[in-house]
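Readers should treat all values here as calculations from the given coordinates under stated rules, not as data from a laboratory. This structure is a prediction, so every number in the text was calculated from the model and none was measured. Here the Cβ positions follow ideal geometry from the backbone for every residue, glycine too, while neighbour counts run over all protein chains shown.
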Amino acid sequence: MGGLIGFWRLYRRRRMAVAGASALLGVFLVALLAAVISPGDPWDMAGRPLLWPGQEVGFPFGTDVLGRDILAGVVHGSRVSLAIGFAATMAALLLGVTIGAIAGYFGGYVDDVLMRFTEIVQTIPSFLLILVLVAIFSPSAVNIVIAISVSTWPPVARLVRAEFLSLREREFVQACIVLGMSRPRIILTQVLPNSLAPVVVISSVMVASAILNEASLAFLGLGDPNIMSWGTMISIGRNSLRTAWYMVAIPGIAIIITVMALNLVGEGLNDALNPRLRGR
Amino acid sequence: MWQGAITIVAIAIFNFCLIHMAPGSPVDVLAGESGTADPAMMEELTRRFNLDQPFHVQLFSYLWNMAQLNLGQSYRDNQPVVTLILARLPATLLLMASAIGAAFLFGLLLGVVSARFVGRAADEGISFFALVSYATPTFWSGLMLITLFSVKLGWLPSSGMMTIGSDKTGLAFMLDVGRHLILPTLSLSLFYMAIYTRLMRASMLEVYGLDYVRSARARGLSEARVAFRHVLRNALLPMVTMVGVQVGSILGGSVVVETVYGWPGLGRLAFESVGRRDYNLLLAILLFSSVMVIVTNLVVDIIYTLLDPRIEHGKK
């Protein structure tokens, strides 16, 4: 607990980081209370089609071509973006941390093979890889999460490997080996917890980029057809861009706010957890 | 070089595995949606890729075909995949070069200005602009730019690479393509410009603090000369590295931007092949893009040694 308070003291020194955290909290609240803010299905026709924002009371963000409430879409879309963003990041962290930890702890031949593999995956343009995987295995939320995580774990693996390489030579790890502790136990209870700070920092930015990737997929028509996401809304609105550009603008602003908040939180975490870089 | 070759083979193997893991038989995947109708063609495919043979024979024959640049046919267009890709390549290269150029140039300028006026209004403004640009989806900025510059103001074309039906040549043709290029370049470069701005700012600030800059000032050199001759050159190195790192990501971004603007490049081809379930073409684009990433990184390594002679190739 004391650690947490100390961390918060460091974190709150950056005005923008606090602003980012507040905005993110706001998006979380909207996602949590989606059913309260706009009850019902965002796919349902709610009013007259093509209402401009503010044109009619009850539809502050207007309606789309089929009379669907854009506010409802934005509110429910936050759930999709956050869920896919966090799930994809968790899966990518699991993959990356596992591969990086094994490579860094064992070193030698294992390290060579795993790092070569990591480099190969990193060479493939990640969005193209996501596109190929989702296109071939059909666009469902689960497949989208898998595709994003499969394409984005390499930086995590490299980061964790570097931490493990330096940590395994340290005295406290050597002491554990001398004490006869088992390898899995050393890795999980001694080295891993000490290597997580940079992973925490990178994870926030990874959620942001996963959200952008999901939105791009949905925009290209490869989103989960059953869920209303911000990218899907923009893809729908694109067809009436000439007459009703607000249908594209509003969900886009929601994406920007969320992604910006996550990036700011990432920076704040970086400054608070990396004392050496503070003040840059 | 060697490493690049291994990577390409590995990606080809990965593609082969994808063809086998995809729902439906490999023949269906290779033939795309048009395949199932024509038994003769299915037979031809099976024979060429040895799909009736054991797994390792199939893999070997797939790789052998790849090595001969025989990436198969796109049965939708009834053309070899390689021909289709090469036909779309120039448009994508033009867009990428122009986007990287714009991102690099504006990122450099904004970064230098930001670092010179650190903590002041100009710095804060530029930093905020970079922050927003870094969070903006490329397809969204693309659509908004179309709304503003094509729909509302009518200044710039909203799609395609040249005016349809015009038979312009020479300079008029280049100007026409240039006009079509502006908006796609802007949307694709915005994200990377944000990265370069922040990188340039940070590395300028770092170099400003070094001793040799102080001694340059002590010798009475002008502020501009210090900034451009002593700081900028050394701050450029991380920028060049970044270009190498970002090529893959820019290729991915071009899928979205080319789709928004109907730009007839590789990205648009990838999008079209998804729509037609032409997986053989899609996988070939994936492989080809990876080759482009490898080649760009080789070029970046060479530029790197030119910028900083202390870095020698092959030494660690």
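Using only the Cα atoms of chain A, build the gyration tensor, take square roots of its eigenvalues as a ≥ b ≥ c, and label the shape rounded, prolate or oblate: rounded if a/c is under 1.5, else prolate if a/b is larger than b/c, else oblate. In terms of gyration-tensor shape, prolate.
So what is the calculated 222 nm ellipticity per residue for chain B, using -39500 (n - 2.57) for each DSSP H run with n of 4 or more, over all residues, to the nearest 500 deg cm²/dmol?
-24000 deg cm²/dmol
Shape of the protein assembly as shown from its Cα gyration tensor (a ≥ b ≥ c, root eigenvalues): rounded if a/c is under 1.5, otherwise prolate when a/b > b/c, or oblate?
rounded
Considering only A:THR189, A:THR118, A:THR232, the mean-square fluctuation computed in a Gaussian network model of chain A, springs between alpha carbons under 10 angstrom, is largest for A:THR189. Here segment A:201-280 was treated as a single set of alpha-carbon atoms; its pair distances binned every 10 Å from 0 give 19, 37, 24, 13, 6, 0 percent. Taking a ≥ b ≥ c as the square roots of the eigenvalues of the alpha carbon gyration tensor, segment B:90-307 is prolate, as a/c is not under 1.5 and a/b beats b/c.
Would you work out the relative contact order for segment A:43-106, in percent, from Cα pairs under 8 angstrom that are 6 or more residues apart?
Worked out over segment A:43-106, it gives 22 percent.
If the only charges are +1 at each Lys and Arg Cβ and -1 at each Asp and Glu Cβ, what is the size of the charge dipole of segment A:181-280 around the Cα centre, to the nearest 20 debye?
Details: 7 positive and 4 negative charges, 63 e Å.
Its charge dipole is roughly 300 debye.
When only the Cβ of Lys, Arg, Asp and Glu is charged (+1, +1, -1, -1), the dipole of the protein assembly as shown relative to its Cα centre reaches about 2220 debye.
Exposure proxy ranking for B:HIS20, B:HIS56, B:HIS230, based on other Cβ atoms within 10 angstrom of each Cβ and starting from the fewest, stands as B:HIS56, B:HIS20, B:HIS230.
As a proxy for reagent exposure, ranking B:ASP176, B:ASP167 by other Cβ atoms within 10 Å from fewest up yields B:ASP167, B:ASP176. Of all the options B:LEU69, B:LEU94, B:LEU183, the one that moves most in a Gaussian network model of chain B with Cα springs shorter than 10 angstrom is B:LEU69.
Could you work out the local net charge near B:VAL9, counting Lys and Arg as +1, Asp and Glu as -1, over the other residues with Cβ closer than 14 Å to its Cβ? Local net charge: 0.
Evaluate the charge dipole of chain A about its Cα centre and quote only its size in Debye, nearest 20, assuming +1 on the Cβ of each Lys and Arg and -1 on the Cβ of each Asp and Glu.
On the way: 20 positive and 15 negative charges, 177 e Å.
That gives chain A a dipole magnitude of about 840 debye.
Karplus-based coupling profile of segment B:151-162, in residue order and whole Hz: 7, 6, 8, x, 7, 10, x, 9, 7, x, 10, 8, with θ = phi - 60° in 6.51 cos²θ - 1.76 cosθ + 1.60 and x standing for Gly or Pro.
In this structure the amide hydrogen of B:GLN73, modeled in the peptide plane, comes within under 5 Å of the amide hydrogens of B:VAL81, none closer than 5 places in sequence on its chain.
Of the residues B:MET204, A:VAL248, B:MET193, the one whose Cα sits farthest towards the positive end of the charge dipole of the protein assembly as shown is B:MET204 (charges of +1 on Lys and Arg Cβ, -1 on Asp and Glu Cβ, taken about the Cα centre). Ordering A:PHE172, A:LEU25, A:SER78 by the projection of their Cα atoms onto the charge dipole of chain A, which places +1 on the Cβ of Lys and Arg and -1 on the Cβ of Asp and Glu, puts A:PHE172 at the extreme positive end. Projecting the Cα atoms of B:THR138, A:GLY231, A:VAL160 onto the charge dipole of the protein assembly as shown (Cβ charges, centred on the Cα centre) puts A:VAL160 farthest toward the positive pole.
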